[in-house]
Amino acid sequence: MKTFVSLLFCVACAVALDKGWPVSLDMSCEQSLSDVACTFEFLNVADEDYYLLKRNTPLEGLLSQFVAIYHKGRRLDYEGIFIHRTLPTKDEYILLKAGQKVSATVRINEAFTLINDGRYTVEYIRPLMVLNEMQMPIEVNAKAAAYMHLENARYLSLPSQDEVESEGSVTIESCTTASFTGGTSSKRTDILNAHKKLCTEYADSKKNVSNNNFYKTWFGTYTDARATKVKGVLDKCVNGLTNKAVTYVIEPSNCQSNWNAYTYKGGTKVYLCQAYNNYQVYCKSNGDPTKEGILAHEWTHAFGYTDDNAYGATANKALAKSNPDKAVNNADTYEYWYCLSQF
């Protein structure tokens, strides 16, 4: 266990790992005047080398929701970035030799609003993905938590979203207006063509929400409560696109090569990266990513407040079977649902 005493006060904690897992995790958190910095240490406890995927871990920065924070029994909302990405590549893995450790520190107040004094629990919630020398993937369900007591939390900096100004708007009959920042005429045309379909197709896909095999494939065991959740997400997307002025920011400067798009919960902007241009415009019959599908995915984050719990058809179907409650809150599930409802 590690303990840090800061300018104010903090208690950090160690972690527990299931026996036999090749990578362990230790974490601790420390408060300064304006930030809460959490440090995560990954250790290869096996007697062979492993490759650890940096994606969705602190090793790439605070680019995903890998921790949950609790205060007085209430889970705080994650207010950070949600990124739609291409498949992982080799450069996203880091070699951990036997006995080697690697660590990273992130400021969690950049993605969570910490304004109240008192005790907080910071829990690591994202499985780790590692590869052995035979390139066999292993999912490690790391269990870790840090406990801290914040004082003068009102001085901590708050989460913020990218600020950009739009450059003109185009009126769209089905979803009011959309504005653009950046991009060539041809890129804007593709986005506009995909955008024009969203309201109609969200509404049409809602008609398929019933106790049938299609629903069970993507959202799991049917219950009235979960069906209401699915319909609610789709309705929120239609209402948001209809009643709010939305903006597409084309190729913002902070995009990385494997990012397709990103957005924030509660926002009215979707940021489209260079890789987004590689996809065809309209949905495909297998549900795989397209310009239209990616937009449908991102707006479920912004308006429907969905999370990223799984990616890809296989993982989404597995999630539907193992955890339907997470499936009905998974943005990528809605992307497949939205597109496949058209065929």
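The values are calculated or read from the model by the stated rules, or taken from the named source; none is laboratory data. Everything numeric in this text was worked out from a predicted model, so none of it was measured. Counting neighbours? That spans all protein chains shown, and the Cβs are built from the backbone with ideal geometry, glycine included.
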#### Entry: Filter pass, Leu96 being in the same structural domain as Ser32 (by TED's automatic domain parsing) and more than 28 Å from Gly266 (Cβ to Cβ)
yes
### Message
With the requirement that a residue be out of contact with any Lys or Arg (no Cβ under 7 Å at 6 or more places or on another chain), aromatic (Phe, Trp, Tyr) and farther than 17 Å from Ile250 by Cβ, what does region 269-314 give you?
### Response
Tyr282, Tyr311
### Message
So, in region 304-343, exactly how many residues are of a type in the set (Phe, Trp, Tyr) and under 14 Å from the mean Cα position of the chain (by Cα)?
### Response
3
### Task
Would you please name the residue that is farthest from the chain's Cα centre (by Cα), looking only at residues in region 39-79 that are of a type in the set (Gly, Ala, Ser) and assigned to a loop (DSSP other than H, G, I, E, B)?
Ala46
### Query
Quick one: in region 66-88, which of the residues that are in contact (Cβ under 8 Å) with a residue 12 or more places away in the chain and among the small types (Gly, Ala, Ser) is nearest to Asp308 (Cα to Cα)?
Gly80
### Candidates Asp288, Asp325, Asp332 - the one that is surrounded by fewer than 18 Cβ atoms within 10 Å (Cβ to Cβ), of a type in the set (Asp, Glu) and assigned to a helix (DSSP H, G or I)
Asp325
### Task
Taking only region 204-240 into account, find how many residues are of a type in the set (Gly, Ala, Ser) and surrounded by 15 or more Cβ atoms within 10 Å (Cβ to Cβ).
4
### Summary
Scanning region 171-210 residue by residue, the ones that are at pLDDT below 90 and under 15 Å from Lys269 (Cα atoms) total 4
### Query
Which of the residues spanning region 121-145 are in a strand (DSSP E or B) and without any contact (Cβ under 8 Å) to a residue 60 or more places away in the chain?
Thr121, Glu123, Pro137, Glu139
### Query
When you look at Met148, is it surrounded by 17 or more Cβ atoms within 10 Å (Cβ to Cβ), under 19 Å from the mean Cα position of the chain (by Cα) and in the same structural domain as Pro88 (by TED's automatic domain parsing), yes or no?
no
#### Entry: Filter result for Tyr50 (crowded, with 17+ Cβ neighbours inside 10 Å, among the aromatic types (Phe, Trp, Tyr) and over 18 Å from Ala146 (Cα atoms))
yes
### Message
Against the definition (in contact with a Ser or Thr (Cβ under 8 Å, 6 or more places away or on another chain) and either assigned by TED's automatic domain parsing to the domain that holds Leu33 or in a loop (DSSP other than H, G, I, E, B) (or both)), how does Leu158 come out, yes or no?
### Response
yes
### Query
So which residues in region 245-285 are surrounded by 22 or more Cβ atoms within 10 Å (Cβ to Cβ), free of Cβ contacts under 8 Å to residues at least 24 places away in the same chain and not in a loop (DSSP other than H, G, I, E, B)?
Tyr276
### Query
With (1) out of contact with any strand residue (DSSP E or B) (no Cβ under 8 Å at 6 or more places or on another chain); (2) in contact (Cβ under 8 Å) with a residue 24 or more places away in the chain; (3) assigned to a helix (DSSP H, G or I) as the list, and Lys187 as the residue in question, which single condition is left unmet?
(1)
### Task
Give the residues of region 220-244 that are among the hydroxyl-bearing types (Ser, Thr, Tyr) and in a helix (DSSP H, G or I), sorted by residue number.
Thr228, Thr242
### Message
Which condition from (1) in a helix (DSSP H, G or I); (2) closer than 22 Å to Tyr305 by Cβ is the one that Asp91 breaks?
### Response
(2)
### Query
Can Leu198 be described as outside the structural domain of Lys90 (by TED's automatic domain parsing), buried (at least 20 other Cβ atoms within 10 Å of the Cβ) and not in a strand (DSSP E or B)?
yes
### Message
Tell me the residue from Thr105, Thr89, Thr57 that is within 28 Å of Gln31 (Cα to Cα), hydroxyl-bearing (Ser, Thr, Tyr) and surrounded by fewer than 22 Cβ atoms within 10 Å (Cβ to Cβ), please.
### Response
Thr105
